[in-house]
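Asks: Encoded as structure tokens, here's the structure I'll be asking about.
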Amino acid sequence: MNQKKNISKKTDCVICNILRTGLLDEESTNEWLIDNYSGKNSEALSITSLTNWFNEHLLQRLYVKQHPNTNPTFDFTTLREYIEKVYSDRDDQIDPKLFSLGKSIIEHFQLDPVDLSTRLVSRHNMQNHLKKCLQVEEPQKEKLNDIAISKLLQAADFSAKILIPPLEFATNNNIAPPNIQFITYARTETGEMLPIKEWIMSLKKEQ
């Protein structure tokens, strides 16, 4: 009875209307979106990341509804990307591997990709839901800066692990000069070249 009552109360929010059908749990979904957008209890995610997460969970529930006794054996990220590229974006440059995987999922499980593409929500839908319906504030810029710095440092460390061995090979065989800096960053406002970690740490000082 409650579910029918909720369904009848349509709003101008696409996501609210989906949640009120009971396809996804409204309370836990909204809590997750609030936590992961605000950055209060976890790392702040972008509108795009939240939209992708919601669409993948939505596709999973739609699949379970159509195949209640069949466990999915594929990645719903792949299905979402395939549907968005082929049926939403009409992207001619789709990766052949993604196209092949997506097409095989659609055909094997007899899914209707056109119908599924109309169910997916947009970034605009997500932004509207977060701000107007959930009234959640964007993460503070200081917190975003900290997250960005952390991610940049992780990326710099990872790239160094990959680049140092071939760089050592090149310098040991006199192919590259011994004092070469393998990662630099050009500060556009001054033209000065800094090692990437130096530039990253300078972001902290500028806060």
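The values are calculated or read from the model by the stated rules, or taken from the named source; none is laboratory data. Note that the coordinates shown come from a computational prediction; the quantities given were computed from them, not determined experimentally. For neighbour counting, all protein chains shown are included, and Cβ atoms are generated from backbone atoms with ideal geometry for every residue, glycine included. All accessible areas refer to the heavy atoms of the entire protein, side chains included, with ligands and DNA or RNA removed. Shrake-Rupley method; radii C 1.70, N 1.55, O 1.52, S 1.80 Å.
Asks: What residue, of PHE169, PHE74, PHE158, is modelled with pLDDT under 95 and assigned by the TED database to the domain that holds LYS40? Reasoning before the result, please.
Replies: Details: PHE169 fails: assigned by the TED database to the domain that holds LYS40; PHE158 fails: assigned by the TED database to the domain that holds LYS40.
After ruling out the rest, the residue left standing is PHE74.
Asks: Could you say whether any residue in the range 175-189 is modelled with pLDDT of 75 or more, in a loop (DSSP other than H, G, I, E, B) and either in contact with a strand residue (DSSP E or B) (Cβ under 6 Å, 6 or more places away or on another chain) or outside the structural domain of SER46 (by the TED database) (or both)? Show your work before the answer.
Replies: Taking the range 175-189 as the starting set, the residues that turn out to be modelled with pLDDT of 75 or more are 175.
Keeping just the survivors that are in a loop (DSSP other than H, G, I, E, B) gives 175.
Retained after the next criterion (residues that are either in contact with a strand residue (DSSP E or B) (Cβ under 6 Å, 6 or more places away or on another chain) or outside the structural domain of SER46 (by the TED database) (or both)): 175.
Yes, the range 175-189 has at least one match.
Asks: Among residues belonging to the range 6-65 that are assigned to a loop (DSSP other than H, G, I, E, B) and charged (D, E, K, R), point out the one that is nearest to VAL136 (Cα to Cα). I'd like the intermediate steps shown before the answer.
Replies: First, pick out the residues of the range 6-65 that are assigned to a loop (DSSP other than H, G, I, E, B): 9-13, 20-25, 39-46.
Okay, now just the ones that are also charged (D, E, K, R), so 9-10, 12, 20, 25, 40, 43.
On the way: LYS9: 22, LYS10: 21, ASP12: 18, ARG20: 19, ASP25: 19, LYS40: 11, GLU43: 15 Å.
Checking each candidate, the answer is LYS40.
Asks: Could you tell me whether any residue of the range 136-145 is touching a Leu at 6+ places or on another chain (Cβ under 9 Å), crowded, with 16+ Cβ neighbours inside 10 Å and not β-branched (Val, Ile, Thr)?
Replies: no
Asks: List the pairs whose first member sits in the range 53-65 and is farther than 17 Å from TRP32 by Cα, whose second member is of a type in the set (D, E, K, R), and whose Cβ atoms are under 8 Å apart, counting only residues at least 6 apart or on separate chains?
Replies: Pairs found: LEU59/ARG80; LEU59/ARG119; LEU62/ARG119.
Asks: Then there is this: Conditions first: (1) more than 21 Å from the chain's Cα centre (by Cα); (2) part of a helix (DSSP H, G or I). HIS129 passes all but one, so which condition is the exception?
Replies: The single condition HIS129 does not satisfy is (1).
Asks: State whether the residues of the range 94-101 include one that is more than 27 Å from LYS151 (Cβ to Cβ) and not in a helix (DSSP H, G or I). Give the steps one after another, and end with the answer.
Replies: As a first pass, look at the range 94-101 and keep what is more than 27 Å from LYS151 (Cβ to Cβ): 94, 96, 99-101.
Subsequent filtering for residues that are not in a helix (DSSP H, G or I) retains 94.
Checked the range 94-101: at least one residue is more than 27 Å from LYS151 (Cβ to Cβ) and not in a helix (DSSP H, G or I).
Asks: When the residues of the range 37-46 are narrowed to those that are under 14 Å from MET126 (Cα atoms) and open to solvent by less than 20 Å² (accessible area, probe 1.4 Å), which ends up modelled with the highest pLDDT?
Replies: Let us first name the residues in the range 37-46 that are under 14 Å from MET126 (Cα atoms), namely 37-38, 45-46.
Imposing the further condition that a residue be open to solvent by less than 20 Å² (accessible area, probe 1.4 Å) reduces the set to 37-38.
Details: TYR37: 88, SER38: 81.
The qualifying residue modelled with the highest pLDDT is TYR37.
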